[in-house]
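> Below is the structure I would like to discuss, written out as structure tokens.
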Amino acid sequence: MKLGYTILYVHDVPKALAFYQAAFGFQTRFLHEGGDWGELETGTTCLSFCSHSLLKQMGKTTQTPDPTTPCFEIALVTDDVASAMQHALAAGAVMIQEPEQMPWGQTVAYVADINGFLVELCTPMTPS
């Protein structure tokens, strides 16, 4: 078994795709003609977006994410966390935590995306 994709529930799928392209450089893999589903090229695992309205049609209710009380985060790995953070902020992300060197050697920073999802920007983990 392998992880195929993560889905974020958003109000505006095309707007979310455009933000992630501008903030993090991901390219759109797929956007459904109705605009209620989209996917980004992010490596081996796909980052997907589904509209609140599509979920409502399927009988599901969504919650608005809150980066100050997250229940999960997306981690994006980069060699230059500070630069990635500045690029994300310029695209409309909100700073949650400045880059910080962690005791295990990884540099980590946090932003909130335009929908309020917590995004970790971090250097790769190195074997100890």
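The values are calculated or read from the model by the stated rules, or taken from the named source; none is laboratory data. All figures in this text were calculated on a predicted structure; none of them were measured in a lab. Cβ coordinates were reconstructed from backbone atoms using ideal geometry, including for glycine residues, and neighbour counts include every protein chain displayed.
> Taking G4 and the conditions (1) within 15 Å of the chain's Cα centre (by Cα); (2) modelled with pLDDT under 95; (3) surrounded by fewer than 16 Cβ atoms within 10 Å (Cβ to Cβ), which numbered condition does it fall short on, given that it satisfies the others?
G4 satisfies every listed condition except (1).
> Moving to a separate point now. Would you tally the residues in region 47-73 being farther than 17 Å from A18 by Cβ and surrounded by 13 or more Cβ atoms within 10 Å (Cβ to Cβ)? Before you say what the answer is, go through the steps one by one.
To start, the set of residues in region 47-73 that are farther than 17 Å from A18 by Cβ comprises 52-73.
From what's left, surrounded by 13 or more Cβ atoms within 10 Å (Cβ to Cβ): 52-55, 62, 65, 67, 70, 73.
Within region 47-73, residues that are farther than 17 Å from A18 by Cβ and surrounded by 13 or more Cβ atoms within 10 Å (Cβ to Cβ) number 9.
> Is it true that some residue in region 44-59 is on the phi > 0 side of the Ramachandran plot, free of Cβ contacts under 8 Å to residues at least 40 places away in the same chain and not charged (D, E, K, R)?
yes
> Moving on to the next point. Just for region 7-35: of the residues that are of a type outside the set (A, V, I, L, M, F, W, C) and crowded, with 19+ Cβ neighbours inside 10 Å, which one is nearest to D113 (Cα to Cα)?
Y20
> For region 39-81, give me the residue count where each residue is in contact with a Phe, Trp or Tyr (Cβ under 8 Å, 6 or more places away or on another chain) and among the hydrophobic types (A, V, I, L, M, F, W, C).
9
> Residues of region 1-24 being free of Cβ contacts under 8 Å to residues at least 40 places away in the same chain and closer than 22 Å to A90 by Cα, which ones?
Across region 1-24, the qualifying residues are D12, V13, P14, L17, A18, Q21.
> Taking strands (runs of 3 or more DSSP E) that fall entirely within region 64-127, which contain at least 2 residues that are in contact (Cβ under 8 Å) with a residue 40 or more places away in the chain and not basic (K, R)?
It comes to 74-77, 107-112, 118-122.
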